[in-house]
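To start, the structure itself, in structure tokens.
Bear in mind these aren't lab numbers, they're just calculated from the coordinates by the rules spelled out. Please read all numbers here as calculations on a predicted model, not as lab measurements. Cβ coordinates were reconstructed from backbone atoms using ideal geometry, including for glycine residues, and neighbour counts include every protein chain displayed.
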Amino acid sequence: MLDIALTAVNTFVLICSSLTMVMALSAIERGDKAGLRNWLAATALLGLVFLGGQAFEFTKLFGLGVSLGSNLSALPSSPSPVSRRPRGGGRDLDQFHPGRASCGAG
């Protein structure tokens, strides 16, 4: 559903913007106003790139009919974020959900 490569690039851009913010902080601690201005500009640019990537991804999701209130587990190609059964067997995780069964019942 979502492009993993775009998500990876977006994550990298976000991490890089954190680094440029740290560099801006370092520049102001040294009294380097030009460095501060440059690093903040780089941070703002990376932030805009990140927001653009997010807007693209959300536009794609909305085009597929996904909204903020959607149940993603109902989509056919969407893997569940949490496995319902632990690896190697084990108890059903529903036993720990407060409205479905009590803890330890089973």
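Scanning region 8-43 for residues that are in contact (Cβ under 8 Å) with a residue 24 or more places away in the chain and touching a Gly at 6+ places or on another chain (Cβ under 9 Å) yields Val9, Asn10, Val13, Leu14, Ser17. Put simply, of Leu46, Leu2 the only residue that is part of a helix (DSSP H, G or I) and within 21 Å of the chain's Cα centre (by Cα) is Leu46.
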